[in-house]
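A.B. asks: A single structure is presented below for examination.
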Amino acid sequence: MLNPFQEIKKIEVRRFTALPAKFREKRRTAWSDPNRQGAAVDCFLEGPSFDRQGNLWCVDIPFGRIFKINSKAEWQLVTQYDGWPNGLKIHRDGRIFIADYRRGLMILDPGTGKVEPLLETAFSEGFKGLNDLHFADNGDLYFTDQGQSGIADPSGRVWRLRAGGELQRLVHNAPSPNGVTLNSKNSQVFVAMTRSQQIWRLPLMEGGTPSKTGVAIQLSGGHAGPDGIEMDEADGLLVCHLGVGIWRFDANCLPTHLAHAGSEHRLMTNIAFKEKTLYITDSLNGEILTADMPVAGKRMFSHL
């Protein structure tokens, strides 16, 4: 029986690596002006994802860069292009899918570094600004279309690109949809709504139509709401809560653990599992942090 009053266990966060100085040049950009209130930045890392060789990939939004980090914490700039890559996931065939805020859904060839558009519009309309993405086991791709939506403008969208190529809009009234993931049975979609401090749950009926969408978790505190989210093997939900840390909620959406690194790590935005170790992008600092979790992450590359 689940204990709703269980003690929340604290988890230590450690520094794994940081973006080398040779890749840093602090300046204002067209991305940082509206998104960082005009502040100069030298990077903003998100989208961590592991390939089959154990390399960790991540994006650098304001400078359109894609990095690969090996097990020795050595950084390689794979490509730089005219876009704002926000989320990144790796298909089992090796292709790298990118949710690009400016360009739409893109594909990166990891061998050549070439980036090409896969989906730039939805039914002839431009996207608001893509944020994150997640593959279902059957190859369907779920992705969020956040733009500048929020409580006063709940017009964000959640999309599904079927493995066969059909694009479907699942949500059209979301207040800042951000991270997205699925439970182990692929019967429920979870979406982080940053500006409303919520995690929405979209139960999927047979055939994949959402029904009775509701709020699974209501957060509070921090300086913004949830960002990246991932599932572990026990259907525990890991939530990056900006300004707070990384929460783990059990299958009943009750909190069990909190990874917190203090005020110097306020923008822990996105996460990726490597067995039981959680890798975390500390976006503004340009660092990759790690935390040892009680349950391993969902198996990778399960989609067909």
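The values are calculated or read from the model by the stated rules, or taken from the named source; none is laboratory data. Computed from a prediction, not measured in an experiment: that's the story for all the values here. Cβ sites come from the backbone with ideal geometry, for glycine too, and all protein chains shown count toward neighbours.
A.B. asks: What are the residue pairs meeting all of these: first residue in the range 4-19, first residue more than 18 Å from Asn70 (Cβ to Cβ), second residue at pLDDT 95 or above and among the charged types (D, E, K, R), Cβ atoms under 7 Å, and 6 or more apart or on different chains?
C.D. replies: Taking only residues 6 or more apart or on different chains, the pairs are Ile11/Asp292.
A.B. asks: When the range 33-89 is examined, which residues are found to be buried (at least 22 other Cβ atoms within 10 Å of the Cβ), of a type in the set (Gly, Ala, Ser) and under 17 Å from Lys22 (Cα atoms)?
C.D. replies: none
A.B. asks: Just to check your reading of the model, which residue among Gly165, Gly207, Gly147, Gly129 is at pLDDT below 95 and at positive phi?
C.D. replies: Gly207
A.B. asks: Something else about it: For the range 176-200, which residues satisfy the criterion of being in contact (Cβ under 8 Å) with a residue 40 or more places away in the chain and assigned to a strand (DSSP E or B)?
C.D. replies: Pro177, Asn178, Gly179, Val180, Thr181, Leu182, Val189, Phe190, Val191, Ala192, Ile199
A.B. asks: Restricting attention to the range 106-134, which residues are buried (at least 22 other Cβ atoms within 10 Å of the Cβ) and within 18 Å of the chain's Cα centre (by Cα)?
C.D. replies: Hits for the range 106-134 are Met106, Leu108, Phe127, Leu130, Asn131, Asp132, Leu133, His134.
A.B. asks: Please find, within the range 135-150, the residue that is farthest from the chain's Cα centre (by Cα) out of those that are surrounded by fewer than 19 Cβ atoms within 10 Å (Cβ to Cβ) and part of a loop (DSSP other than H, G, I, E, B).
C.D. replies: Going through the qualifying residues, I end up with Asn138.
A.B. asks: Which residue out of Phe63, Phe97 is in contact (Cβ under 8 Å) with a residue 40 or more places away in the chain and hydrophobic (A, V, I, L, M, F, W, C)?
C.D. replies: Phe97
A.B. asks: Filter the range 40-69 down to the residues that are in contact with a helix residue (DSSP H, G or I) (Cβ under 9 Å, 6 or more places away or on another chain) and in a strand (DSSP E or B), then identify the one that is nearest to Gly83 (Cα to Cα).
C.D. replies: Arg65
A.B. asks: Within the range 124-147, can one find any residue that is over 20 Å from Pro48 (Cβ atoms), of a type in the set (S, T, N, Q) and out of contact with any His (no Cβ under 6 Å at 6 or more places or on another chain)?
C.D. replies: yes
A.B. asks: Looking at (1) surrounded by fewer than 19 Cβ atoms within 10 Å (Cβ to Cβ); (2) in contact with an Asp or Glu (Cβ under 7 Å, 6 or more places away or on another chain); (3) touching a residue at least 60 places away in the same chain (Cβ under 8 Å), which is the only condition Arg92 fails?
C.D. replies: Against the list (1) surrounded by fewer than 19 Cβ atoms within 10 Å (Cβ to Cβ); (2) in contact with an Asp or Glu (Cβ under 7 Å, 6 or more places away or on another chain); (3) touching a residue at least 60 places away in the same chain (Cβ under 8 Å), Arg92 comes up short only on (2).
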